[in-house]
1. Ratio of alpha-carbon Rg to the 2.2 N^0.38 Å globular estimate for segment 314-354, to two decimals, please.
2. Tell me, in nm to one decimal, what length is gained between ARG68 and CYS88 on full extension, where the rule is 0.36 nm per residue of separation less the Cα-Cα distance?
3. Please give the length that would be gained between SER132 and ARG207 if that part of the chain were fully extended, namely 0.36 nm times their separation in residues minus their C-alpha to C-alpha distance (nm, one decimal).
4. Order the peptides 66-74, 80-88, 204-212 from the highest to the lowest mean number of other Cβ atoms within 10 Å of their residues.
5. For an R0 of 22 angstrom, estimate the FRET efficiency from the Cβ-Cβ distance between ASN346 and GLU270 and round to the nearest 0.05.
6. Straight-line reach only, C-alpha to C-alpha below 21 angstrom: list the lysines that LYS168 could link to, leaving out same-chain residues fewer than 8 apart.
7. Could you compute the FRET efficiency for SER339 and ALA27, with r as their C-beta to C-beta distance and R0 at 51 Å, rounded to 0.05?
8. Can you pull the one-decimal nm distance between simple spin-label points at GLN37 and LYS75, each 7 Å off the Cα toward Cβ?
Amino acid sequence: MLPVAIVQADTHTVVVEVPLLAVEPPAKDRIYLQTEQKSYVQASRFVGADQPDSIGQHAVFVVSDAIRKTPVEGKICFVFTKTGERKCLDTDKAGQAAINFSQADIVAVDATAAGYQPYAGNLLVESLKGASTKQIIQLQRELTLLTVWAGKAEQGTLLGKGVRIPLKKVTGARGGVWFSTYQAEPGSYTLVVKRQGQIRSEEIGVRSGLTVLYTDPLKATAELGVRTAETGIKPNGAPPVSRPALVLPDSIPMLYFEQGSYQLRADSQEVLKQVAQYLKTHPHYRLQVTGHTDNVGNERLNENLSEYRAAVAFTFLTRQGIPEEKLNKAGEGSRNPISPNDTEANKALNRRVALKLITNQ
């Protein structure tokens, strides 16, 4: 059973991507799912095979997230066929637990961790005489799926606390496309959808099971807000910047942003309102809007972030009545700093949007 949460009811077919894990066939000295167990009788290899071997086998079990491939802290329990004994071990921060098998046996292995589906496997212990083995157990998170219908949008992204999850485009019905992911955990996120240079941002909730959302990327929000860093860095407050009086056309103040955010600050909105008024009374000018970031994090993510910063200023100006054809926008990532990225104060100066008036040719 898969719980379903649908935001805005719709009767069309829903398209979603579901993760599947490959199943390993049964083999000696290698863990496999109990559902794959075939009829097997372990042969006695020597007289007194039920007695402990003098050396045995040393086995290390590693529990990891099946999708992220990151270690998982949980519990592994072993049930020995020959003795009926049950032994449980906690994994460490690296997801590891070690055990020594003293004799050939068929051992049931159960692995559990908070927020994950339980794992039930078997292990045919055959290699003794001092053998060492490494067993990998992949745990699947409790299934959380998000699918978004967004018309003919080109790009979808999910932003959360310290995470940025690109949404995968999948073929769907309704003459448009769906964006889907199974990598999100239940919680609150900002959904960002991009189409034809316009960006729509909205706060959404993702629940366990399947969350279905319908959104219109052509209805761009006037002010896009993200309170968490795409680079995974905890947002830091940018220092207050004193604003000189707006003197156009040669000295338009920069628009500054918090770390990892593209939310317009109140002082930036005031600057944009004055710029909009100037453009209305001086029609021979166009405006170049260029977004920038500091050098923290992945440059590809920074480039996207700089584009979002430019887009939010662009959209704000259009809401002030400035035609789109009078505006150009671009994102430069961290390629063109105006200050060294050596201190937080200097980095704050690089998290900006620059506005430049251009005379129409």
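1. 1.54
2. On the way: separation 20, 0.36 × 20 = 7.20 nm, distance 2.51 nm.
The span from ARG68 to CYS88 would gain 4.7 nm if fully extended.
3. The span from SER132 to ARG207 would gain 22.8 nm if fully extended.
4. Values: 66-74: 14.8, 80-88: 11.7, 204-212: 17.6.
Per-residue Cβ counts within 10 Å, averaged per peptide and sorted highest first, yield 204-212, 66-74, 80-88.
5. Efficiency at R0 = 22 Å is approximately 0.35.
6. Once the sequence-local lysines are set aside, what remains near LYS168 is LYS69, LYS152, LYS194.
7. The pair SER339/ALA27 has a calculated efficiency of 0.30.
8. That separation, rounded to one decimal, is 2.1 nm.
Values quoted throughout were computed directly from the atomic coordinates according to the rules given, and no laboratory measurement underlies them. The structure presented is a predicted model; accordingly, all values stated were derived computationally and were not measured. Because the Cβ atoms are built from the backbone with ideal geometry, glycine has one as well, and the counts that use them run over all protein chains shown.
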